[in-house]
Each structure stands twice: as C-alpha cells, then as structure tokens.
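To start, the structure under review is shown below, and the notes come after it.
The values are calculated or read from the model by the stated rules, or taken from the named source; none is laboratory data. Please read all numbers here as calculations on a predicted model, not as lab measurements. Every residue, glycine as well, gets a Cβ built from its backbone with ideal geometry; the counts of neighbours run over all protein chains shown. Calculation scope for accessible area: heavy atoms of the full protein, side chains included, ligands and nucleic acids excluded. Shrake-Rupley method; radii C 1.70, N 1.55, O 1.52, S 1.80 Å.
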Amino acid sequence: LLLLLLLLIILILLPGPAVGLQGLGEGAEMAAGLPELELPELPELEPPELEPECRRLLGAFAEGSAALSGCLARRARPVRLCQACRGHYSTLLGLYRDIALGNSSESHNCAKSILTSDRLQVVVTLSEFFNETWEAANCANCLKNNSEGLSNSTVEFLDLFNKSLTCFEHNLQGQAINESPNNYTEVCKNCNGTYKMLNDLYNNLQKLNRHGSESGHSAHLCIDVEDAMNITRKLWSRTFNCSVPCSDTVPVIAVSSFILFLPVVFYLSSFLHSKQKKRILILPKRIQSNASLVNIQEKYS
Amino acid sequence: QFTPSSLLRTGQLSNVDLNEDVRELETELPRPYPNEIPHNEKLLSLKYESLDYDNSENQLFLEEERRINHAAFRTVEIKRWVICAMIGILTGLVACFIDIVVENLAGLKYRVVKDNIDKFTEKGGLSFSLLLWATLNASVVMVGSVIVAFIEPVAAGSGIPQIKCYLNGVKIPHVVRLKTLVIKVCGVILSVVGGLAVGKEGPMIHSGAVIAAGISQGRSTSLKRDFKIFEYFRRDTEKRDFVSAGAAAGVSAAFGAPVGGVLFSLEEGASFWNQFLTWRIFFASMISTFTLNSVLSVYHGNAWDLSSPGLINFGRFDNEKMGYTIQEIPIFIFMGVVGGILGALFNALNYWLTMFRIRYIHRPCLQVIEAMLVAAVTAAVGFVMIYCSRDCQPIQGSTVAYPLQLFCADGEYNSMATAFFNTPEKSVVNLFHDPPGSYNPMTLGMFTLMYFFLACWTYGLTVSAGVFIPSLLIGAAWGRLFGISLSYLTKGSIWADPGKYALMGAAAQLGGIVRMTLSLTVIMMEATGNVTYGFPIMLVLMTAKIVGDYFVEGLYDMHIQLQSVPFLHWEAPVTSHSLTAREVMSTPVTCLRRIERVGTVVDILSDTSSNHNGFPVVESNPNSTQVAGLRGLILRSQLIVLLKHKVFVERANLSLVQRRLKLKDFRDAYPRFPPIQSIHVSQDERECMIDLSEFMNPSPYTVPQEASLPRVFKLFRALGLRHLVVVDNRNEVVGMVTRKDLARYRLGKEGLEELSLAQT
C-alpha cells in the first residue's frame, strides 16, 4: 500500500517541475526544452473541471466531516469521543482513503485535483485535524484491534463506571430524604466496594498499558476511560470527601526527629572522642638567608 | 620525636659547611612552628610525588628513537588513534552500564517505597514507610561507602580534583588503577541508588581517565595481564595525553557534550596541549557519545535512533516561549550574581565541613557511619517535606515517574514528591520542562533550602559521587522559583517561562560552585541542544565566577588545597619577583657520582628521611670531597631497575652472559617500580661499582642561582619538569628545585604566603 502511495506521489509530482520549467525557462535552454515538454502537458493545462466521480467523493467527505465534528463537539464534555464517534471516524477515514488512493483509474485524478491542486488544501488539513485529535485522544487504546467496537477491558470498565455512578445516585437520593446535604458518609460507606473495584481496574489497565508500550512514555489510556475515572475520583474525594487518609503526624515527627538527631550525636561524639589528626611538620632543607626572610616578612606585613 | 635540627642532620649527606650555617640560624631564631599541628589548608603533603612529564633523554632512549624509522612513527600515530577510539567506546559502555543499572535499581527502590507509602496512607502507620525508606537508603549507601573507605579511598568524591592534579603533574597514588575504576563505578551506582544528593556525572570523568590510562598501557598491573601492545606509550608523557582524552570522553558521555568534553579537558585538566592532541581528544569524545547513544537506543528499544545523548539530557528547549529578549539580559546577570553568592556560601560551608572531616572523621568506620547517617537524614528530610507539602497537581497529562498520592485527592500527586522522590537527574529535567504551574513557589523554596544543605553536607563524604547534578538541581529549583515570581510580578507576561529561568539558575549555581567558564558554557549549550542560549549562559557563568571568586575559590581548587597537594597554577604568584632560585631551592643536594659504589646508592635510596626521587650525577672524582660539575640527572626508578638487573661494572668486566639493558626493561617496571626494600643486594655486591653514564639524562634543565622565581616557575611548569637543578657559574650543583619548592608560594589574603611541608 505504501509503495502504491509513493508511486502515486511521484506520479503527481512528475509534471510539477515541468510546469515550473515553463515559468522559469530562459534563453536557449527554454528554446531547447519547451517543444518536447509542452505537447503532452497541454490537456492538463485546461481549466480543471472536477469530474463527477470526484465531486461525489468530495461531497461525501464534506458530509462525513460535518458529522464527525458535530459528534466530537457534542461529546466533548463529559468525554465520550471514542465510544460515540468511532463510526463517523472510520467512515471518514474510508472516504479519505478513497480520495487519496481510490480503486479506479479516475480517482488518481481525484487525488490530484482535490488534495494537491491549491495552496490551502482544505481536505488534507481537515483530515489531518481529525487524525491528530483521534491520536491525542488515544482512542485506539480502547478499541479492538480492527477498531470495530470497544475492547473487552473498556467495556468492563465502563460497566463498572456506570455501576458506581448509579450507586452514587441511589445513595444521594437517600441522602436527600435525610436532609443533610453535607454529610456523605452513606455514599462513602455503600459505594466503597464499587469505587475500589473501579479504581483497581483502572490502575491495572494503566499498568498493562505501560508494559505494552515498553518505553513508558505514552502510557495514556484512551480519553474516555481517563475522563470517566477522573470524574469519579473528583466526585469521590472532592465532593463526597470520602478518602480521608489517616495522618499519623506524631509518630512521623518522632521518627524523623530521631533520625535527624543521630548526626548531631555522631558529630559531637567524634569531636569529643576522636583523636584529632595531627600533621608532622618537616623543615625543608634550604638556605635561610636573611634577605629572603626579610622579603617574606615584608610581604606578610 | 625529632627536633627539627636532628631531622636535618639525618637528611644531610654532604656539604657540611652550609649545614652548620643553617643549624646556627635555626637555633637563633625562635621556632615559628610547633612540631605537630592540626591539619590546615596551608600545608603541602609529602606523600605526593611528581610525574615525569619530561622524557629522560638518556642514551638508551636516543638509541631507540634512532632505530624507529619514519614508517614506524606512522604506526605509532595510528596506534594513538586506535587507542582513542577504544577509550571512547569503553567510556561510553561504562556510562551505559551505570545508567542502566541506576535506572533499574532506583526504579525498584522507589517502587517498593511507593507501594509501601500507598499502603500505609490508607491504614495509617506512615512512620514505617519513613523507616523503610531511611533504612533502604542507609544500607545501600553503607555498601557503597564501605567499598570506598576500606578498599580504595581515592575513589571518593567526584574524582575531578584528582584528575586535575594528575594532569597537572602530581602523582596521586592509585588514581588511575583498574581497582579504582571498579570501586568508582560500583560506588557511584550505590550512592545514587541510595538516594544521596549526588550525581553520576563527575565520576564519569574519573572513570574515563582510568580507562584511558589502562588502555594506553596495553596491560593491567592489577590483573597481572600484559597484552604486549602499546609498549611505546608506557611513560608518563604519553599516558598524560591519553588521560586527558579519557577525561574528555567521560564528560562527553556524561552530558552528551563532545565539544564540552574537549574544552573541559583543556580548561580543567590538560596543562599541556597541542593541536593534534585536541583533534584526537575530540575524536575520543565523539566516539564516546556515539557509543552511548547506540547502546542506549538499543536498550530503549528504538535501535539506531541516536537522539538520546548523554547520561543527563536536559531535553530540548525549542518552543517559542523559550526564546529570550534583550530585556532579560540584566535579569540573567542578576541571576549570575545570586548564583555566585550561593556558590560561595556552598563552598565556604563545605570548607568547614571538610576541615572537620579531615581532622576528626579520618577512621574508615566513622566515615561509613557518617555516610549512612547522611543517607538516612536525606530520606527523612525528603519524607517530612513530602508529608508536610499540600501542593497537589493533577496526574493527567504529567510525566511523573513515581507519582506519590499521599494526602492528595485521588488522581492527583504530591508535587514535592517529584522533586524529592526521584533520582536527582530526573528531578533536574522535571524542573526544566514541567509546564508552568507544576510546582507552587512554597514547594520550590523549601526544596531549594533543604537540598542546598543536603548537597553541601553530602559532598566530601567517603562515597564516590559528583557535585554537578546537585548543583544543577539547587539552581534549577531557585531559578524556577525566580521565574515564577517574575511571571507573577509582570502579570504573566509571555517571556517569563519558568523552565528557561530554571536553566539559567542551574548554570549560575553550578558556575558559582565549580567556577568553570568556557567548558561549562559549552556543556550546557550542548546538553540543551540550543546554541542561542550560549550568550545568556556565558553571561550568567561569567558573573557567577566573578562574584564567587570575590569570596572564596572554586570547590575543586579548595579540595585540592585541603588535600595539601602541591598543585602548580598557570603562573607564579604575581608578587614573587623578588625571590630567586637560591631562596627557593632545596639544598644541600644528594648527588651521585658517575661511577658510584653500589653500597652508596643503596644507602641513599633506603634513607627514609630523604625520600628523593631524582639525583644529579656529578663527575666521579673519588679523592675530592667537593661537589663537582654536573653531568646528568638520574631518577630513583631508574636506579632501582639498574640494581634489580645488577648492572654493575664488575659483572660486565667478568663478561657474564648478560644482555644489555634496554629501554624496555625500564618500561616493563613502569609505573609501579618496586621499593628499594624489595631489592636484595648482597654484601659483596655492595662493593661493586655502577656506571650511570648510559642511563642518566645527560642534558637536564638547569637554572643559575640568580634566576627569579617566576622564571623558574615558567620553565618548570611549561616543560612539566620534575627536577630542576640549580647550578653556579662553574656548573656545580648547589641546589634542586622540585614541585614542592615552587608550589609552597601562594598568593593569600595578605600577600605572598609560604606553605609548610608536612607528613601526612
């Protein structure tokens, strides 16, 4: 496939220099080169009317991209990109591929006339934007390998996520009856199990992902999962204030001050008990003329 | 205990009249020194000897040089290049080894501690985590410190002062041995893994130097293996050149800065330099970086991607926010001033600490305990800081290696932990590149303060570790703080990117501590891969050096002084013109006659009170007691080889089947000549005569008595001499100038000072 693409690019680019030459041509060289080059180029130079097939492809692409961008925007908060828009995305990907590579001979012309015949290259820019967004969201991570449907672990995670959300909701409703809006102990108690499971599952997924990617840098899960977890965690520890770690300040202070105290003891004891190292002076063998002594003393004063 | 005059008497061998004078003078003058004094900086130790950077041009040498034809010289030249390539490759490999092992071991440690902390955060009992962390640190550092303290003390510290001395011409015992390399490498791994405030970059320079010295000799005396190659290079002059190449390769592997490495060698190390050497050294540096890149790229799974240079890679500074404008130049200069002051403070504190250590903590067990305590305290301080910090940052989108949650909400990490709970290299890179807002000013302030004292306390411990990274880290922390406050003051104007200021702060702090200029600028430029930062970094380093030098000298020079090393600077002290060779030289000189009795030679060599290494050879005139004209100079090592091979006149006359001694015999004994005690000379042999004329250097450098100190100094320093004979107008030996005679004059605070010699 890549080879084909390369070939195509070469094919597209080949007439390019020739056209350039025509513009640049000067003096004798132009006179020599022109007649040969001009003849086969002539039909290309006609004002390019988009062929019907290409027009159809372009229209499809326009609709597809409108649908995808609408989907992306609608699913921006809370983030559900990968689940909701993957159909649109793969459709658009197919359309773009049709334009760029095509399966018939005429689509070669489509690629040229749609993708590369002007400076702006809107279609290319659009498709790049969608690709980049998709990459940044890391959606491939929660889709199956052939990108048909969500992967098993993602489905599992989302199930658990929904379960914990419903758990929160149920218990909050219970709370409302009790009329104590700032007390979430009920939620914390009842949903602890689900939340823990969700949290563990997420951590596991992350660990697996990190091992899979080896370098450890692109350790992101797909954005849907990350965002879901983020929301839950925020609810749990900020809104409900459920995770209250035990702070044991007293033992920590005790232990650390003990450790900090050790060097003081060490230095004091080595100062008091260790024998100071003495150096034995050696008198150099040299002439101690008075002149030099005077010299040195002068310089000292 | 000896009185000084008795010491003198044992030391004298000839020239009675002069000594009478001296003794009278001594008795008249009130004794200026006590006999035994506590260690101080104004001493020169007797244990350091010079290296022979000047070839002994005796007959054997000349014969060999004449035998080598043009083609053979070319082979020698090619061998030099081959050796440089090997130095580069091996240094790169050692750097890789250190890097990979540290990464894995430190990763393991931090994972264990992190799991433990995570566990106890929920249940309570965090004091156990603290204990676990402290114990882990202390035990790892204990191992690292034990091997250094008990096996090879010269491997302690960064090794840069030692290499500097070696290249200056001072023979530091054991400094370029294989054993030192092994201890150094293991020691640095253990001390970094042990969580001390240290880096692994400084020791790389020492490691490179050892590798270079080893390879260029084609053998290892420690392993008792002689590969019979590179025999031509078995002398100090050649070895020195390779050691400078090794040091450069070390820098280049450590920072991914080949040019910086060459310049480092030039600035800090090599006292002797020429243009071919530069090119060869550059070759070695490049090879070293390249090797490191290739191996690390294979290790990280993207083979042949050569873009991860250096043990520490500062990362790329190339987005548009990282540019700088003319308005920022005064700010950078101000940062340089701050760096200079902080660096001077660091050095002054470290000076007192080192003095205390030399005086009181000189027993190896005490040194090990001290290192362990520092490790434990480092962990405790880190833990308490993390514990007290309430600076939480969202975990999403950050590149924290070991995010510690502790008391933060779920999905957030403690920002203080990224600084403390990580290897120092990673922390530096984080400080440079984390997006604005990753640290709050309080965190950075506390971190700077704590790390400053920890790093200062750590440098000089008996572990092998460098000071580059801790300095960079301190500087990066306060630089970032500075950047944040600037950004706050200017209401978030675009040019106050904290990462840039972190870099400048790091440069300022490092410059303030080590006082390097040219090489450090280039190293920083290469490590950041950004040439446009050259100008501000240069300004910052310049200011830091000027401000710092106003208070105290650089850390490495300070440690060289504290070790009482007779180090020769570039120039003689400026006010020393009134001193002449006559006042500087040692006298009387123990001379040998050209045909000398073996017994006399053995006695002179065995005399412990006059541990001389070079002996002027005078015309043999047995019936005169006077000192006769100078004929040459012979070294102790040469005499020992002669005695060992029993090259006596009588034996030659007896025409025993004995081959002539060749230069090779001297080389084979190099560099560890046996002590005189190990050479057995029978009573009969003592009566034999030994003819030195073939082995002595017949053209030693001499100066007249009236030559001024700067002139003597210049000759001595520029030629890398070891002995300089002072003669009178009849070419008779009156004195000898050695390194210690010159190094004892130093420009102090109140003018010219004279250091005293001491036994250490």
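Estimated from the Cβ-Cβ distance and a Förster radius of 41 angstrom, the FRET efficiency linking B:Glu553 and B:Arg667 is about 0.60. Over the Cα atoms of chain B, the radius of gyration divided by the Kirkwood radius equals 1.02; this is the Rg/Rh ratio.
Looking at the square roots a ≥ b ≥ c of the eigenvalues of the Cα gyration tensor of region B:331-490, which shape do they give, rounded for a/c under 1.5, prolate if a/b is larger than b/c, or oblate? Please list the in-between numbers first.
Working: a/c = 2.60, a/b = 1.42, b/c = 1.82.
It comes out oblate by the Cα gyration axes.
Here the accessible area is traced with a 1.4 Å probe on the protein chains. For region B:142-225, carbon and sulfur cover 71 percent of it.
Taking the empirical scaling 2.2 N^0.38 Å for compact globular proteins as reference, region A:52-137 has a Cα radius of gyration ratio of 1.13. Each Lys or Arg adds one and each Asp or Glu takes one away; over the other residues whose Cβ falls under 11 Å from the Cβ of B:Met416, this sums to 0.
Here the spin labels are modelled as points 7 Å beyond Cα on the Cα-Cβ line, and at B:Lys79 and B:Met542 they lie 4.6 nm apart. The modelled label-to-label distance between A:Thr239 and A:Glu169, using points 7 Å beyond Cα along the C-beta direction, is 1.2 nm.
Rg and Dmax of region B:76-129, based on Cα coordinates, read 21.8, 70 Å. Between the C-alpha center of region B:548-586 and that of region B:284-302 there is a gap of 41 Å.
All other residues whose Cβ lies under 14 angstrom from that of B:Val188 are scored, Lys and Arg at +1 and Asp and Glu at -1, for a net of -3. The relative contact order of chain B comes to 18 percent, based on Cα pairs under 8 Å that sit 6 or more residues apart.
Within region A:52-137, what whole-number % of the accessible surface is contributed by carbon and sulfur, with the 1.4 Å probe and all protein chains included in the calculation?
Details: 2600 of 4810 Å².
Reported share for carbon and sulfur atoms: 54 percent.
Remark: spin-label model distance B:Asp226-B:Ser578 equals 5.5 nm, labels positioned 7 Å along the Cα→Cβ axis. Quick check: the angle from helix B:328-360's long axis to the longest principal axis of chain B, C-alpha only, nearest 10 degrees? The angle comes out at about 60 degrees. Here the gap between B:Val649 and B:Ser606, fully extended at 0.36 nm per residue and compared with their Cα-Cα distance, gives a gain of 13.3 nm.
Tell me the total accessible area that A and B bury against each other, 1.4 angstrom probe, in square angstrom rounded to 100.
Values: alone 21840 and 32730 Å², together 48570 Å².
Result for this pair: about 6000 Å² buried.
Run the numbers on region B:581-758 and let me know its relative contact order in percent, using alpha-carbon pairs under 8 Å that are six or more apart. Reported as a whole number, the value is 31 percent. In region B:581-758, the DSSP beta bridges split such that about 80 percent are antiparallel, to the nearest 5. Heavy atoms of the protein chains alone define the surface here; on that basis region B:427-514 has 26 Å² accessible area per residue at 1.4 Å probe size. Each stretch of four or more DSSP H residues adds -39500 (n - 2.57); spread over every residue of chain B, this sum gives -18000 deg cm²/dmol at 222 nm. Proximity of backbone amide H atoms, modeled 1.01 Å from N, is registered between B:Gly632 and B:Val617 at under 5 Å, excluding neighbours fewer than 5 places apart on the same chain.
Residue separation times 0.36 nm, minus the C-alpha to C-alpha distance between B:Leu747 and B:Lys491: what's the value? Present the calculation step by step, with values, prior to reporting the outcome.
Numbers: separation 256, 0.36 × 256 = 92.16 nm, distance 4.94 nm.
Computed gain between B:Leu747 and B:Lys491 is 87.2 nm.
The antiparallel fraction among DSSP beta bridges confined to chain B stands at about 80%. Seen from A:Val155, the other residues with C-beta closer than 12 Å to its C-beta sum to a net charge of -2, counting Lys and Arg as +1 and Asp and Glu as -1.
Let me make sure I get this right: for region B:581-758, a, b and c are the square roots of the gyration tensor eigenvalues over alpha carbons, sorted descending. Under 1.5 in a/c it's rounded, otherwise prolate if a/b > b/c, else oblate. Which is it?
Working: a/c = 2.19, a/b = 1.81, b/c = 1.21.
It is prolate, given that a/c is not under 1.5 and a/b is the larger ratio.
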